[in-house]
Every structure is written in C-alpha cells, then in structure tokens.
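Handing you this structure, nothing more for now.
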Amino acid sequence: MLDLGKTFLQSAERSPHALAVIDGDVRWTYGQWALRIGALQRTLFELGLRHGDHVVSVLQNRHEAATLHWACQFAGLVMTPLNWRAKPDEVQYALQDSAAKLLVYEDVSSAAVQQALTGLEPLLAMRVGQEAQDSVVESPTVMDFSDALRNLAEPVPQAQAEDWSLMLYTSGTTGLPKGVPRRHRVERMAALAHVAQNQYGRSECTLGVMPLYHTMGVRSLLALALVDGCFICMPKFDAAQALHWIETGGVSHLYLVPTLYHDLLAHPRFSQTDVTSVRRLGFAGAPMHDALLLRLQEAFKPELFVNHYGRSEIYTFSINADAVGKPGSAGRAGVNTRLRVVKLEAESPSDVAMPMEEGQIIADLDSEEAFEGYHNRPDANAKSLRGGWYFTGDTGYMDAEGDLFVTGRVDDMIISGGENISPVDIESVLSLHPAVDEVAVAGLQDERWGQRVVAFVKRKCAVDNNQLDAHCRESDLVNFKRPREYVFVEEIPKSPVGKVLRRKLVAGDYSAESGAASSEGQPETTPTQVPP
C-alpha cells in the first residue's frame, strides 16, 4: 500500500499545474508546492530529526501548517498538531508526552509556547510568519520557517505504509488529553473513504476551515490531494471571508461543523452571495438540528448532503448520504466499518441493544481506518478497547430500518425521575421554533428528580418559557422529556471546533441575556420554570 508521501506525488505527477493550495496571496500548483515540501523535508533532516520523531505544531490553518504536514509524511516524522489556542500547560503536556524533537509555532501562540518551554530541556523550535522576527520565545535553535523553504528540492518518500503518520490529541474535556496515533495506511484509507462517501470528483475545491489539529481538517487536506484538488486555507473561521471564497474560489464542497453552517447562513451577506458552485455539503462533529438542515437545503440545494459520524480514533463510524431525507439519522456503517449499539452498562460487545433501545455505540477495531490504542494511556485503553471493539462513549439507537441515531454522550445523559433522557431529542424539537436561534439542553441537579431538564436558549426574537413549553407540548416529545426550566443566554458555550460544552452549562459558566425583553415585555436574566 502507498504511503502518504507517494500519495501526494500521485497528484504532483498527474496534475503538476493544477492549483493545490491557496492562502491569501499564496497560490501554489502541485508542482510548486512539492518543491517547497521537499525543501522543508531536507531542512528537517538537517536539523537532526529522524524517522519516527514527533513534530509538535501550534498553528492556525495556513499554508505553512499544510506544508509541514506533508513534509512530515515524506520524512517519516509524526505530525502532532495542537490547537493554536492551547494553554501553556496543554502545550507542555503534549511536548513531554510525545517526546517532541521540534516545535513549530506562530505569533498568536508564542506567549503560550514561551511559558510551556519554561523548565523543559532545550528544544528545537521554528517560527512562522512576519511576526517571527520579534518572537519572544527563547530556545537555543529558533529558525524562521521561511528560511526552511528557500532551497527548493524534490520531496523524497522515506516512510512506509506501516509507519506512524499523525498523532492527534483529543479535546480532553474530562481529564488529560489522549494522544491518538495513526499509521500512514490508516490515514490514507480514511482519506479514500472521505472521497468515496462524499462523492468527490477530480479537481474538487474545499474551504480548509476545520483546523488541522482536528480529524475533519486533516481529512480534507489529504482527500483533496487524492483527487488533485485545491485546499483553501482559512487561519480561523470568518463568515464573510468564507462567503468571499465560495463566490470567487470555485468552492465545490463544504465540510463543516453545524455551528459554522449556522454562522454562514446568519451573515448579512449570505443572501447576496452566489453559492451555486457548492454542489455537496457535509457535516460532522456534532448533531445538526432539523431547522438548520432545512435552511441549508433551501439555501444551497446541494446534490449531496452528508451527515458524517466518526472520531479521531476511527475516522468513519457511519454515513447518512441523505441528511435531509432522514433528519437526525447518522445512517449506516461506513465503507470500512462495522457498528453496534450495546446496552448502556454493557461490558461485552456481544450485549447488543434491541432496535429503538438507547445504548452505547461501539465500532470494530478491525476497521482499516482505526487506531490501535492511545499513546501512553493504558487506563484509557482499558476503558475504551474491549473484545476487539472501540467503545465510543456515545449514546444512540438503531431504528427499525437499521439506521443509527446518535443521542449524545454517556456522560451527557440526563437521568430524571429514573428516566434516561437524551438532550438531542429535545434540542431538535426546540430548534424548530421560529424564535429559537440555538439551543442546548443539560441536566441540572434537583433534590426531588435527581436531575431536571433545562433548556439554554439563544433567541432570534422575543419568546418566553410558556411559549416554548407550549411548542414542546404540541410536538411528539413525550411529557417527561419536556424542559422544566428555560435559561435565555447570549451565546451557547462551544469548543473551538463547535461542540456544545454542556459541562459549562451545568457549572453555570455562561452569559445570561442582560435585560432581554421576553414576549411579555419583562426582562429575563434568571431561569424561568414551567409547570410539570
């Protein structure tokens, strides 16, 4: 099987003059990009890095980050990207856990990097961007990234399909982040699955919006190279800039988390933007509520609308290629995957739940897209890897037709009065109310019920708790799942990749509306309850 270096060369040889990467004024063809990747590969070797060493980056989505990723694939180095917003202790942990030999950073992350390096053994460092000349990071060897690209050279594949390619760190919302190492063959197979499941054609173009420290961003980068396509770098998401590239850059496919789609549609320029080049939509990372699905279908009229469900550990769990036709469904197992739903407290993969019974979703570790275990974390392996299956920690059920519905996380499950309640079901209903912009549901401690269902609502316009409760009563939502309390907030707290942070809602770490008028004309700054 081909390694990823040779995979890139396929496109460079097939289409050397095809546009490969765009980043502001930078526009490189595959032939031009290959020479810069080769230059960086040679520099990494001259710095003393050798096969299997880890390279940690703290970068936004810029051409330097994409070039570094590919240079590591050619050189047999393990690309280990971090969130550019990472805190000093998170950077330090990753440097120590991975035993990194090189750290690559930019101005926006330099303060955190400086603190992270305090007390560590001297480490090679490389700085990126115009601001690099004024970098405050102190290290015995800090070189300018642009210098590493000066001596153009053909890249030379020095890795094998069985070598380690990448190590992503999980978000670490509970405890320390976990390193997820993945081999070249696994990464390549996941990229091929992405091409197939999103029906990519030759010379596709996508927005490189999802960060390259996240599996969605990496998959877009690799998949575009498989089809001689173009990757448009976006250092951080900006709806106006995204609309500009959609209209002028020939973007043919979008692969985003639901939050970013929401922000695109909400931008004042959307209605004036020509989006007809976008033929296919894909989303992952979080459920998409019914209202947003319908708005996107109307706005883009895509040929294909894919709900992709997966994880860093196993890229594809399932695919629903008709997201609007069966809203809320994550579909069926992907081309390289086997799935099951087992009982919530199951220890064995054979303890399968019945259709419509909510349980934990598990995936076969024999998948060609699967990892083999967490880096230096036997405790995490013991919890998640059992009997040849990966226990995802996600809850869901199979309907009578065999389609999967993801209902949340095991840890997010609300237990109220002895009933198991999934937040996603309630959110889908509330999202359809015309006054609701965004909504998240969580369980708050309650002396009588154990937990009570609370809806945190960002409003488009005036609405009160009684109107929302009436909406729920008129829906098919069973009575015990109805929210017993509504909190009107300025924003729903989310992770950098758009996942709702329910733990912050439970902890009270959010901004309530200040003086916002309800439909009855009274300001609401505190939770409002509804009768049972």
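For the range 12-58: of the residues being surrounded by 22 or more Cβ atoms within 10 Å (Cβ to Cβ) and of a type in the set (Ser, Thr, Tyr), which is farthest from residue 91 (Cα to Cα)?
30
So in the range 438-453, with the set limited to residues that are hydrophobic (A, V, I, L, M, F, W, C) and in a strand (DSSP E or B), which one is farthest from residue 290 (Cα to Cα)?
Ranking the qualifying residues of the range 438-453, first place goes to 444.
When the range 369-402 is examined, which residues are found to be open to solvent by 10 Å² or more (accessible area, probe 1.4 Å), in a loop (DSSP other than H, G, I, E, B), closer than 19 Å to residue 331 by Cβ and not hydrophobic (A, V, I, L, M, F, W, C)?
399, 401, 402
Quick one: in the range 414-432, of everything that is outside any strand (DSSP E or B) and charged (D, E, K, R), which residue is most open to solvent (accessible area, probe 1.4 Å)?
425
Considering only the range 60-82, how many residues are open to solvent by less than 10 Å² (accessible area, probe 1.4 Å) and either closer than 15 Å to residue 125 by Cβ or aliphatic (A, V, I, L, M) (or both)?
7
State which residue pairs qualify: first residue under 19 Å from residue 211 (Cα atoms) and in contact (Cβ under 8 Å) with a residue 40 or more places away in the chain and inside the range 484-498, second residue of a type in the set (Gly, Ala, Ser) and in a loop (DSSP other than H, G, I, E, B) in any location, beta carbons under 7 Å apart, and separation of 6 or more residues or different chains.
So the pair list comes out as 495/171; 497/285; 498/285; 498/286.
Mind checking which helices (runs of 4 or more DSSP H) fall wholly inside the range 195-307 and carry at least 3 residues that are at positive phi and either open to solvent by 20 Å² or more (accessible area, probe 1.4 Å) or not acidic (Asp, Glu) (or both)?
By residue number, no helices (runs of 4 or more DSSP H) qualify.
Ok, one more. Given (1) in contact (Cβ under 8 Å) with a residue 60 or more places away in the chain; (2) buried (at least 16 other Cβ atoms within 10 Å of the Cβ), where does residue 411 come up short, assuming only one miss?
With respect to (1) in contact (Cβ under 8 Å) with a residue 60 or more places away in the chain; (2) buried (at least 16 other Cβ atoms within 10 Å of the Cβ), residue 411 is out only on (2).
Starting from the range 1-29, take each residue that is over 20 Å from residue 369 (Cβ atoms) and list its partners that are open to solvent by 10 Å² or more (accessible area, probe 1.4 Å) and among the small types (Gly, Ala, Ser), counting only C-beta distances under 7 angstrom and pairs at least six apart or across chains.
Sorted first by the residue in the range 1-29, then by its partner, the pairs are 12/31; 16/31; 17/31; 18/203; 22/249; 29/18.
For (1) modelled with pLDDT of 85 or more; (2) under 19 Å from residue 87 (Cα atoms); (3) assigned to a loop (DSSP other than H, G, I, E, B); (4) touching an Asp or Glu at 6+ places or on another chain (Cβ under 8 Å), each residue gets a yes or a no:
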residue: 111; (1), (2), (3), (4): yes, yes, no, no
residue: 114; (1), (2), (3), (4): yes, yes, no, yes
residue: 137; (1), (2), (3), (4): no, yes, yes, no
residue: 148; (1), (2), (3), (4): yes, no, no, no
residue: 162; (1), (2), (3), (4): yes, no, yes, no
residue: 165; (1), (2), (3), (4): yes, no, no, yes
residue: 171; (1), (2), (3), (4): no, yes, yes, no
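Now, a different point. Report yes if some residue within the range 345-363 is in contact (Cβ under 8 Å) with a residue 12 or more places away in the chain, among the acidic types (Asp, Glu) and open to solvent by less than 40 Å² (accessible area, probe 1.4 Å); otherwise report no.
no
Residues in the range 318-333: is at least one farther than 22 Å from residue 295 by Cβ and assigned to a loop (DSSP other than H, G, I, E, B)?
No, the conditions are met nowhere in the range 318-333.
Of all residues in the range 264-299, how many are touching a helix residue (DSSP H, G or I) at 6+ places or on another chain (Cβ under 8 Å), more than 12 Å from residue 247 (Cβ to Cβ) and basic (Lys, Arg)?
1
The values are calculated or read from the model by the stated rules, or taken from the named source; none is laboratory data. What you are looking at is a predicted structure, and each value in this text was computed from that prediction instead of being measured. Here the Cβ is made from the backbone with ideal geometry for all residues, glycine too, and neighbour counts use every protein chain on show. Surface accessibility is based on the protein's heavy atoms, side chains included, excluding ligands, DNA and RNA. Shrake-Rupley method; radii C 1.70, N 1.55, O 1.52, S 1.80 Å.
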